[in-house]
Amino acid sequence: MRSASFALMCLPFLVSLSAQSQGMASLQQGVRIRVQGQKGGETAGNFETMDGDSLRFAPVHKAVRGVPFSAIKEIDVSHGRSHGEGLFKGAGIGGVFGVVSGALLGAATYNPSDGGEGCYLFCSRGSTAVFSGTILGMVGIVIGSVVGGAIGSEVWEPVFTKSH
């Protein structure tokens, strides 16, 4: 009974290890990969070969280099660019940038003499900041969507992850 329980506990790990080794074995020369190091940092390039204890790949505009598996935390394979995903990421980045810059600009340019009798819109520094942030946020969403959709966002799938 104890050995059956142990086998069931190890099953997800073994299936994951098997899937990762199949993913690594299916890498073909020239496919775009991203290598993340154990100490942080990542480098993208084209896969070349895999020796017993190291991976050889060519970073963009650089010579082929070998990296020992002991120094690698994760290896991802690129599935190309997704323009839809880029659109949403661009909209988010543009929206945040527009709201923050608009609010700061609105608060910085507020003039108390603009208010007075019959003040409806820009009656305080806060309302000016909210209005400016809203307007520039919408502009940022539109510009970010266009740029992000045109450029796209690279889609990565992990094929090797080192567990500690």
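The values are calculated or read from the model by the stated rules, or taken from the named source; none is laboratory data. As the structure is a computational prediction, the values presented were derived from the model and not from experiment. Neighbour counts are summed over all protein chains in view; Cβ atoms, including those assigned to glycine, are modelled from backbone coordinates with ideal geometry. Accessible surface is based on the protein model in full, side chains and every heavy atom, while ligands, DNA and RNA are left aside. Shrake-Rupley method; radii C 1.70, N 1.55, O 1.52, S 1.80 Å.
Close Cβ contacts (under 9 Å, 6 or more residues apart or on different chains) running from residues in segment 20-35 that are within 9 Å of VAL77 (Cβ to Cβ) to residues that are at pLDDT below 85 comprise ILE33/LEU27.
Do the conditions hold for PHE13, that is, is it more than 19 Å from the chain's Cα centre (by Cα), modelled with pLDDT of 85 or more and aromatic (Phe, Trp, Tyr)? Considered against the rule, which asks whether it is more than 19 Å from the chain's Cα centre (by Cα), modelled with pLDDT of 85 or more and aromatic (Phe, Trp, Tyr), PHE13 comes out as no. Whenever a residue of segment 106-118 is part of a loop (DSSP other than H, G, I, E, B), its partners that are modelled with pLDDT of 70 or more, lying with C-beta atoms within less than 8 angstrom and at least six residues away or across chains, give the pairs TYR110/PHE122; TYR110/SER124; TYR110/ARG125; TYR110/THR128; TYR110/ALA129; GLY115/PHE122; GLY115/CYS123; GLY115/SER124. Selection over segment 25-64 of residues that are among the charged types (D, E, K, R) and either at pLDDT 90 or above or in contact with a strand residue (DSSP E or B) (Cβ under 7 Å, 6 or more places away or on another chain) (or both) gives a count of 6. Taking segment 76-109 only, how many residues are more than 28 Å from PHE160 (Cβ to Cβ) and either among the small types (Gly, Ala, Ser) or open to solvent by less than 40 Å² (accessible area, probe 1.4 Å) (or both)? Going through segment 76-109 one residue at a time, the tally reaches 12. Of all residues in segment 142-156, at least one satisfies being part of a strand (DSSP E or B) and exposed (fewer than 15 other Cβ atoms within 10 Å of the Cβ). Tell me which residues, restricted to segment 125-138, are touching a residue at least 40 places away in the same chain (Cβ under 8 Å) and open to solvent by less than 70 Å² (accessible area, probe 1.4 Å). Selection gives GLY137 alone. Within segment 88-100, does at least one residue satisfy the condition of being in contact (Cβ under 8 Å) with a residue 60 or more places away in the chain, under 30 Å from GLY140 (Cβ atoms) and of a type outside the set (Gly, Ala, Ser)? Looking for residues that are in contact (Cβ under 8 Å) with a residue 60 or more places away in the chain, under 30 Å from GLY140 (Cβ atoms) and of a type outside the set (Gly, Ala, Ser), one finds at least one in segment 88-100, hence yes.
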